[in-house]
1. Inspect all residues belonging to segment 43-56 and state whether any of them is loosely packed, with under 13 Cβ neighbours inside 10 Å and either on the phi > 0 side of the Ramachandran plot or of a type in the set (S, T, N, Q) (or both).
2. Quick check on segment 6-23: of everything there that is in contact with a helix residue (DSSP H, G or I) (Cβ under 7 Å, 6 or more places away or on another chain) and β-branched (Val, Ile, Thr), which residue is farthest from LEU54 (Cα to Cα)?
3. Tell me, yes or no, whether segment 12-34 has at least one residue that is surrounded by 11 or more Cβ atoms within 10 Å (Cβ to Cβ), in contact with a Pro (Cβ under 7 Å, 6 or more places away or on another chain), among the aromatic types (Phe, Trp, Tyr) and in a helix (DSSP H, G or I).
4. Which of (1) part of a loop (DSSP other than H, G, I, E, B); (2) touching an Asp or Glu at 6+ places or on another chain (Cβ under 8 Å) does ASP39 not meet, given it meets every other one?
5. Which one of GLN15, GLN33, GLN23 is at pLDDT below 95 and polar (S, T, N, Q)?
Amino acid sequence: MSKFGRVCCELWPDQKPDVIIAQRAGCSERAAQFYITGDREPSYEALMVVLDELRPRKRA
């Protein structure tokens, strides 16, 4: 598993990280699985999904 995949599994331990990335980044679940396993470098959109999750939310 890639470093990206380990971060994804830590962010969403009780859910399927590949499904979450696919929904939020607009890619297929298979592509998200490739990103997580390290078979393919994560796309910019997939990286932004993780960064948006890590960034603190602004409160109104």
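The values are calculated or read from the model by the stated rules, or taken from the named source; none is laboratory data. Model, not experiment: these values are computed from the prediction. No Cβ is skipped: glycine too gets one built from the backbone with ideal geometry, and neighbour counts run over all protein chains shown.
1. No, segment 43-56 contains no residue that is loosely packed, with under 13 Cβ neighbours inside 10 Å and either on the phi > 0 side of the Ramachandran plot or of a type in the set (S, T, N, Q) (or both).
2. Looking at residues that are in contact with a helix residue (DSSP H, G or I) (Cβ under 7 Å, 6 or more places away or on another chain) and β-branched (Val, Ile, Thr), I get VAL19.
3. no
4. Failed condition: (2).
5. Sole residue among the options that is at pLDDT below 95 and polar (S, T, N, Q): GLN15.
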